[in-house]
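Q: The structure's right below; bear with me while I get my questions together.
The values are calculated or read from the model by the stated rules, or taken from the named source; none is laboratory data. Model, not experiment: these values are computed from the prediction. So basically every Cβ, Gly included, is an ideal-geometry build from the backbone, and we count neighbours across all protein chains shown.
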Amino acid sequence: MTPREVINYVELPAKNIAATKVFFERVFSWTFIDYGEEYTAFSNSGIEGGFFLSELMSSTANGACLLVLLSDNLEATERRVKNAGGTISQAIFSFPGGRRFHFIEPSGNELAVWSPVKAYIA
């Protein structure tokens, strides 16, 4: 695979770009650059991307892909999501390899956060 064949940018809809920016700045420390009133690009997120003004929402229920963020403290991240106005749509659950939860951000997009199983040395 060459560098041209990797995912390097993602775009999501946002009905309220301002509220979405505040949420991701507060919870995940993402940074933003506005390109007019209908688009903002984000960085400091692991992958660069942007939010475009739209009444649509990204949700696995309507067939959208799920963006999954990594956390080293799942409970602390869940608290920050709640405190910033996010809605937990699926509480923390375990799966082979780790644990995760799903949330809805202010524009209605569904994302998830996961933590891997920690290796314990006996």
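Q: Filter segment 62-95 down to the residues that are over 17 Å from residue 30 (Cα atoms), out of contact with any strand residue (DSSP E or B) (no Cβ under 7 Å at 6 or more places or on another chain) and in contact (Cβ under 8 Å) with a residue 24 or more places away in the chain and list them by number.
A: Those that are over 17 Å from residue 30 (Cα atoms), out of contact with any strand residue (DSSP E or B) (no Cβ under 7 Å at 6 or more places or on another chain) and in contact (Cβ under 8 Å) with a residue 24 or more places away in the chain: 64, 73.
Q: Among the residues of segment 47-86, how many are loosely packed, with under 12 Cβ neighbours inside 10 Å and among the small types (Gly, Ala, Ser)?
A: Within segment 47-86, residues that are loosely packed, with under 12 Cβ neighbours inside 10 Å and among the small types (Gly, Ala, Ser) number 3.
Q: When you check residue 55 against the structure, is it farther than 23 Å from residue 7 by Cβ, among the acidic types (Asp, Glu), over 14 Å from the mean Cα position of the chain (by Cα) and assigned to a loop (DSSP other than H, G, I, E, B), yes or no? Spell out how you get there, then give the answer.
A: Working: farther than 23 Å from residue 7 by Cβ: yes; among the acidic types (Asp, Glu): yes; over 14 Å from the mean Cα position of the chain (by Cα): yes; assigned to a loop (DSSP other than H, G, I, E, B): yes.
When the stated conditions are applied, residue 55 passes them.
Q: While we're here: How many residues, within segment 2-29, are surrounded by fewer than 18 Cβ atoms within 10 Å (Cβ to Cβ) and either assigned to a helix (DSSP H, G or I) or modelled with pLDDT of 95 or more (or both)? Full working, then the answer.
A: Of the residues in segment 2-29, the ones surrounded by fewer than 18 Cβ atoms within 10 Å (Cβ to Cβ) are 2-11, 15-16, 18-19, 22, 25-26, 29.
When the remaining residues are screened for being either assigned to a helix (DSSP H, G or I) or modelled with pLDDT of 95 or more (or both), the result is 3-5, 9-11, 15-16, 18-19, 22, 25-26, 29.
Selection size over segment 2-29: 14.
Q: All but one of (1) touching a Lys or Arg at 6+ places or on another chain (Cβ under 8 Å); (2) at pLDDT below 95 hold for residue 119, so report the exception by its number.
A: Every condition holds for residue 119 apart from (1).
Q: So, residue 50, is that one small (Gly, Ala, Ser), in contact (Cβ under 8 Å) with a residue 40 or more places away in the chain and not in a loop (DSSP other than H, G, I, E, B) or not?
A: Details: small (Gly, Ala, Ser): yes; in contact (Cβ under 8 Å) with a residue 40 or more places away in the chain: yes; not in a loop (DSSP other than H, G, I, E, B): yes.
So residue 50 fits the description; yes.
Q: Quick check on segment 96-112. Is at least one of its residues over 18 Å from residue 59 (Cα atoms), part of a strand (DSSP E or B) and without any contact (Cβ under 8 Å) to a residue 24 or more places away in the chain?
A: Looking only at segment 96-112, we keep the residues that are over 18 Å from residue 59 (Cα atoms), and these are 96-99.
When the remaining residues are screened for being part of a strand (DSSP E or B), the result is 98-99.
So of that shortlist, the ones also without any contact (Cβ under 8 Å) to a residue 24 or more places away in the chain come out as 98.
Within segment 96-112 (the criterion being over 18 Å from residue 59 (Cα atoms), part of a strand (DSSP E or B) and without any contact (Cβ under 8 Å) to a residue 24 or more places away in the chain), the answer is yes, since at least one residue qualifies.
Q: Which residue is farthest from residue 89 (Cα to Cα), if the candidates are limited to segment 58-73 and must be under 12 Å from the mean Cα position of the chain (by Cα) and part of a loop (DSSP other than H, G, I, E, B)? Can you show your working first?
A: Within segment 58-73, the subset under 12 Å from the mean Cα position of the chain (by Cα) is 58-59, 65-71.
Cutting the leftovers down to part of a loop (DSSP other than H, G, I, E, B) gives us 58-59, 65-66, 71.
Working: 58: 13, 59: 11, 65: 16, 66: 13, 71: 17 Å.
Per the stated criteria, the residue is 71.
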